[in-house]
Amino acid sequence: MEQTFHMLLYRAFHAQHNYLRPCLGEIGLEVGQPKLVSYLAAHGPCRQRELADYFEIDSAAVSRMVDALEKGGFLTRKTDEESRRSNLIALTDKGYAAQQKWQEHCREMETTMLRGFSEAEKAQFADYLSRAYQNFRDRKKEDACGI
């Protein structure tokens, strides 16, 4: 099979997904939820719109994930004092514990994935991925402007 960037990215993503997916059940999270939990752990309480914007997903998807996470005891919603029409979403102790376990699994995955890479190669790889992502973001802005 031809080794295109598309296929290489797909295979790497799929391998990462398969590595981490069994960890979800152990922690009690579902697909898509760890990113929200990680964001909240790093940034503190926020509105659903902030999560949707950051992860570039629709608000309805975030709402479903937040509902499930709240039901599971991983986060809480409380009225935002600055805007009473909005809720602030915050992690519970259970949510912080789940995030810590998830980060441990992610560190193990990264160690496996980057085995044999020098520190310079790891930095270059991170830079390449960041630049590729930025190229997509720039293209999205161009398309939005009708170019």
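The values are calculated or read from the model by the stated rules, or taken from the named source; none is laboratory data. What you see is a predicted model, and the numbers here were worked out from it, not measured in a lab. Glycine gets a Cβ as well: all are built from the backbone with ideal geometry, and neighbour counts include every protein chain shown. For accessibility, only protein heavy atoms count, side chains too; no ligands or nucleic acids. Shrake-Rupley method; radii C 1.70, N 1.55, O 1.52, S 1.80 Å.
For the chain, modelled as a GNM whose springs connect Cα atoms under 10 angstrom apart, the maximal fluctuation among Tyr96, Tyr54, Tyr19 occurs at Tyr54. The Asp67 and Met7 beta-carbon pair, evaluated with R₀ = 41 Å, returns a calculated FRET efficiency of approximately 0.70. Taking only Cα atoms and a 10 Å spring cutoff, compute GNM fluctuations for the chain and point out the largest among Asn135, Asn87, Asn18. The residue that fluctuates most here is Asn135.
Can you list the GluC sites (Glu not before Pro) in the range 1-99 that are in a DSSP coil and have 16 or fewer other beta carbons within 10 angstrom?
Details: sites: Glu2, Glu26, Glu30, Glu50, Glu56, Glu70, Glu81, Glu82; in loops: Glu2, Glu30, Glu56, Glu81, Glu82.
Those that pass, being in a loop and sparsely packed, are Glu2, Glu30, Glu56, Glu81, Glu82.
Once the range 1-79 is represented by equal point scatterers at the alpha-carbon sites, with solvent omitted, what log10 I(q)/I(0) does the Debye formula produce at q = 0.17, 0.22 Å⁻¹? Values returned for q = 0.17, 0.22 Å⁻¹ are -0.76, -1.06. Taking 0.36 nm per residue of sequence separation and subtracting the Cα-Cα distance, how much length would be gained by fully extending the chain between Arg21 and Thr112, in nm to one decimal? Extra length available between Arg21 and Thr112 comes to 31.2 nm.
Considering all different alpha carbon pairs of the range 80-147, the Kirkwood hydrodynamic radius works out to 16.2 Å. For the chain, which whole percent of the accessible surface, found with a 1.4 angstrom probe, sits on carbon and sulfur atoms? Answer for the chain: carbon and sulfur cover 53 percent of the accessible area.
A DSSP coil position with no more than 10 other Cβ atoms inside 10 Å describes the following trypsin sites (Lys or Arg not before Pro) in the range 51-103: Arg84, Arg85.
Determine how many Å³ per residue the convex hull of the Cα atoms of the chain encloses. Could you put the intermediate results ahead of the total?
Working: hull volume 24.0 nm³, N = 147.
About 164 Å³ per residue, rounded to a whole number.
With protein chains left intact and a 1.4 Å probe, residues in the chain average 71 Å² of accessible area per residue. Here's the list of lysines a cross-link from Lys140 could span, going by alpha-carbon distance under 23 Å and ignoring same-chain residues fewer than 8 apart: Lys35.
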